[in-house]
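Everything on this sheet refers to the single structure shown next.
The values are calculated or read from the model by the stated rules, or taken from the named source; none is laboratory data. On a predicted model such as this, the values are computed, not experimentally measured, just so you know. Here the Cβ is made from the backbone with ideal geometry for all residues, glycine too, and neighbour counts use every protein chain on show. These area figures cover heavy atoms from the full protein model, side chains too; ligands, DNA and RNA do not enter into them. Shrake-Rupley method; radii C 1.70, N 1.55, O 1.52, S 1.80 Å.
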Amino acid sequence: MPGRTLRMLALAEAATLLALVAIAVPLKHYGGVGEATRVLGPLHGLVFLAFCWAIVRSWSEGLVAGSDAARLFIGACLPFGGIVNERWLRAKLSVRSNGV
Amino acid sequence: MAYELAKSAHIVAAFLWFAGMVVVALLHASANGAVASLLTWDRYVTTPAMIATWALGLTMASMAGWFSDGWLMAKLVFVLALSAIHGVLSGCLRRSAGKGDGLSRNAVRLVLSALIASLCAIVFLVVAKPF
């Protein structure tokens, strides 16, 4: 199925965002452990940039329309948004590759 | 400032020289046409190089404490533009491999101008750190 990189990056972006918000930030503020945000913050930033790049590439390739690209970008800014979008993208690309 | 300008021009010239040689080599690499060679090169060399550039650049900026500097913020705008252009070019290349349609001649001219202008701005901002 086309768009494998885009879907994998959507999941990776969602996972690093959730780890950052649900684990690293509470550890820093309530446990006084700052190392988790120092590691996960830049890692999430890099994965977010890679995902944004993959959105631009997929739009340019014609895999997703402009409105789909906007939906993917907005979803990447919300916790769990990436997971919802990955499932949506998988269904959409599956229909497309089956020629339905 | 004259030294910084000469150094910036030297780096830009070296980049263009190297990029030109890579393009010529890739055009000769495949008997079935250049698109397959370019696609492989983009997947295994150009895209990993872009990710490494971002990771190493942000690491250096963090280590040197440059995030409060104006030149770095200005440079990041051009690097984002370059990354977006690469995304568009990479997508067009994949589309071209599948359907055979690519960028128009005018679009290529525009992309090349934007690439060279961004490269010049980035190199000058890094070398001179003017603000």
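Explain nothing, just the number: dipole magnitude of chain B about its Cα centre with +1 on each Lys and Arg Cβ and -1 on each Asp and Glu Cβ, in debye rounded to the nearest 20.
With Lys and Arg at +1 and Asp and Glu at -1, about 260 debye.
Classify the protein assembly as shown as rounded, prolate or oblate, taking a ≥ b ≥ c as the square roots of the eigenvalues of its Cα gyration tensor: rounded when a/c is under 1.5, otherwise prolate if a/b is larger than b/c and oblate if not.
oblate
Regarding the stretch A:3-76, what is the average projected area of its C-alpha convex hull, in nm²?
Projected area, direction-averaged: 4.6 nm².
What is the distance in Å between the Cα centroid of the stretch B:32-50 and that of the stretch B:75-131?
Answer, in whole Å: 16.
Charges on Cβ only, +1 for Lys and Arg, -1 for Asp and Glu, centred on the Cα centroid of the protein assembly as shown; of A:G62, B:L39, B:M21, which one is farthest towards the dipole's positive end?
Looking along the dipole axis, the top candidate is A:G62.
For the stretch B:73-79, just list the computed ³J(HN,Hα) in residue order, Karplus coefficients 6.51, -1.76 and 1.60, θ = phi - 60°, integers in Hz, with x standing in for Gly and Pro.
4, 4, 5, 4, 4, 5, 5
Carbon-plus-sulfur fraction of the accessible area of the stretch B:1-120, 1.4 Å probe, in percent?
72 percent
Stokes-Einstein D for chain B at 4 °C, 1.567 mPa s, Kirkwood Rh over Cα pairs, in µm²/s?
It diffuses with D of about 79 µm²/s by this estimate.
Could you calculate the FRET efficiency of B:E4 with A:V21 from 1/(1 + (r/R0)^6), where r is the beta carbon distance between them and R0 is 41 Å, rounded to 0.05?
About 0.45, to the nearest 0.05.
Please find the FRET efficiency linking B:A52 to A:R90, where r is the Cβ-Cβ separation and R0 is fixed at 22 Å, and quote it to the nearest 0.05.
E(calc), rounded to 0.05, equals 0.15.
In square angstrom, what is the accessible area per residue of chain B with a 1.4 angstrom probe?
So chain B comes to 62 Å² accessible per residue, rounded to a whole number.
At the nearest 100 Å², what buried accessible area, both sides summed, do you get for B and A when the probe is 1.4 Å?
1100 Å²
Mind listing the long-range amide H neighbours of A:V64? Cut-off is under 5 Å, sequence gap 5 or more, other chains count too, H placed in the peptide plane at 1.01 Å from N.
Residues meeting the criterion, in which the H sits 1.01 Å from N, are A:W59.
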